[in-house]
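The structure appears below as structure tokens.
Where a number appears in this text, it was derived from the coordinates with a stated rule and is not lab data. Remember, it's a predicted structure, so these values are computed and weren't measured experimentally. No Cβ is skipped: glycine too gets one built from the backbone with ideal geometry, and neighbour counts run over all protein chains shown.
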């Protein structure tokens, strides 16, 4: 495959992934019984769940947002009872973020609903399509790692 073909395939692949993400979000939001969080709040909550004790500065860097934007998101999530802002033992000025039990339950329900809806859609695909998607997962993860490595090198 030449560079031009790779460029075209990359564009189509990323477009398909974007469509899948938007469609998934919309399907889950339509089936979700709770008030959905704005995307930036959801991203911060998921990040704090995956990295308990993350600082606001590290969260801002990870999410590629300004620290004051993350601080605003932290305030909203804390006010909603979904995030806890603790203090570092060695530096009381540093806020450490952890999710609350309520947030943990909410995230688990969201993941379960998302997996259920995707599972239903997968069950309607042909066996060949399901097999192709299963086989593509490791390659997609390697693609993401490669893009992240390129980004860090730049």
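Structure data summary
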| quantity | calculated |
| --- | --- |
| Euclidean distance of C-alpha centroids, the stretch 25-97 and the stretch 100-139, integer Å | 23 Å |
| Degrees separating the helix 67-79 axis from the principal Cα axis of the chain, which is the longest one | 80 degrees |
| Least to most buried among 110, 32 (fewest other Cβ within 10 Å first) | 32, 110 |
| Space enclosed by the convex hull of the alpha-carbon atoms of the chain, per residue, Å³ | 150 Å³ |
| Helix 39-50 vs. the chain, principal-axis angle (Cα, 0 to 90°, nearest 10) | 80 degrees |
| MRE, 222 nm, helices only [DSSP H, n ≥ 4, -39500 (n - 2.57), over the chain, to nearest 500] | -25000 deg cm²/dmol |
| Over 15 Å [Cα-Cα, the stretch 1-56], rounded percent | 67 percent |
